[in-house]
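What follows is calculated from the coordinates using simple rules that are stated; it is not laboratory data. Owing to the predicted nature of the structure, the values given are computational and were not obtained by experimental measurement. Using ideal geometry, Cβ is built from the backbone for each residue, glycine included, and neighbour counts are taken over all protein chains shown.
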Amino acid sequence: MKRMTQWVAAPILAAAAGLACAQDIKIAHVYDKTGPLEAYAKQTQTGLMMGFEYATGGTMQVLGRKIVVLEKDGQFKPDVARAALAAAYGDDKVDLAIGPTFSASALAMLPVAEEYKKILLVEPAVADSITGDKWNRYIFRTGRSSTQDAISNAVTLAKPNTVIATLAQDYAFGRDGVKAFKEALAGSGAQVVHEEYAPVATSDFTAPAERLFNALKDKPGRKVIWIIWAGGGGNPFKIADLNPGRFGIEISTGGNILPALAAYKALPGMEGATYYYYEHPKNPVNQWLVKEHQARFKSPPDFFTAGGMAAAIATVDAIKKAGSTDTEKLIAAMEGMSFETPKGRMTFRKEDHQAMQSMFHFKIRVDPKVAWAIPELVREIKPEEMKVPIRNKR
């Protein structure tokens, strides 16, 4: 009887082990479904799901396990995003998490990942401190950093006898971006002579514009206002309506989503650098994304759609490489890992887990038949050209 019990128990244990292996891979996506960054967040979610589809060949499975994405709304509120992530790790028992959109929410979420010893793959929050002084070993980022934005944009302005005033939102994204931009200009002959910060929801830019004009108008050389702005609300490019040209002042900025590029029509010839524009990268992943997005949504993919897809591909590649969703195995697999994205190849830097990636130098062209200004490609700025400092202290 005892021998029969053992014989029966063996297949039962094997079946139980098989069931355990076939458990769903649960991934939380914490993003700002509501609030001023809603448009960015929706693009990220679309790109994320298309990325999982692409990376799994349409099966939505990896290692024979189904991928299940649990959506959590951070509501553009750091405390809400922090609580949502804690609930995802603690109650939903997710294997890892992706997000958020808002840099302040990301900073609130970083300690939660460390507390639960689970990976948080940051996409698309930008603040340098996420992979800088607030970083911990459970944080990876496919999104670009403020410094990557700043260095690539500095390429277009880093010329002798150039004086610059900056306009940015008064929170981590804006302040980190300006700090990194100033560092990127060091030794170039260009210098920032004034910094202007405004509340996130500013709609009237008359007073900030006046201070910017006063800071530049009497300076010799080329005079530029560099704008770093994100989300809905007011349009900082309305300062062009106040005729900065009468003082010889130009406006410059980085790339943005297609609806925001409509405002760039007032700035033909403007140069800057962008994270993504659907016509810039030439690779199979982007070709698939552009074709499928156009077919499904009757529009080209946008800025944050590409980022969401990159996060999904990185996740699937990491799980395949690790052969597991175990956190320590994933960290070992992801450090130094390269993966293909709509932007081209990205590589997670071992020291701070920041994805090193290309950026794209553009010049604005206006076509009356196109609803937005076209950021025509000047050249691709390769990762190895951007000397991105390692900012974490660990």
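Checking every one of the trypsin sites (Lys or Arg not before Pro) in the range 257-338 against DSSP loop status and a limit of 14 other Cβ atoms within 10 Å picks out K282, K298.
For the range 216-259, applying the loop criterion from DSSP together with a ceiling of 16 other beta carbons within 10 Å to the trypsin sites (Lys or Arg not before Pro) yields K217. Computed extension length for A86-R379: 101.3 nm, one decimal, from 0.36 nm per residue of separation with the Cα-Cα distance subtracted. Among residues other than A190 with Cβ under 14 Å from its Cβ, the summed charge is +2 (Lys and Arg +1, Asp and Glu -1). Under the criterion of Cα pairs below 8 Å and six or more residues apart, the relative contact order for the chain equals 18 percent. Which of the aspartates and glutamates could be linked to K72 by a straight reach, that is with a Cα gap under 17 Å, when you skip same-chain ones fewer than 8 residues away? In chain and number order, the partners are D32, E38, D91, D92, D95, E123.
Length gained on full extension, R246 to K329: 23.9 nm, using 0.36 nm per residue less the C-alpha separation.
Over the residues of the chain, the helix contribution to mean residue ellipticity at 222 nm works out to -12000 deg cm²/dmol, using -39500 (n - 2.57) for each DSSP H run of at least 4. Residues whose amide H comes within less than 5 Å of that of I225, counting only those at least five positions distant or on another chain, are A165, E250, I251, S252 (H built at 1.01 Å from N in the peptide plane). When only the Cβ of Lys, Arg, Asp and Glu is charged (+1, +1, -1, -1), the dipole of the chain relative to its Cα centre reaches about 660 debye.
Note on A295 and T34: with the Förster distance fixed at 41 Å, the Cβ-Cβ geometry gives a FRET efficiency of about 0.90.
Value of Rg to Rh for the range 264-392, rounded to two decimals, is 1.04; Kirkwood radius and Rg both from alpha-carbon coordinates. Per-residue extension of 0.36 nm, minus the Cα-Cα distance of Q191 and E351, leaves a gain of 54.6 nm for this segment. Set the Förster radius R0 to 45 Å, insert the Cβ-Cβ distance between K320 and K363 as r into 1/(1 + (r/R0)^6), and round the FRET efficiency to 0.05. Using R0 = 45 Å, I get an efficiency of 0.70. Given K159/K382; K182/K350; K93/K387; K117/K320; K117/K343; K182/K282, which pairs have Cα atoms separated by over 28 Å? From K159/K382; K182/K350; K93/K387; K117/K320; K117/K343; K182/K282, over 28 Å: K93/K387; K117/K343; K182/K282.
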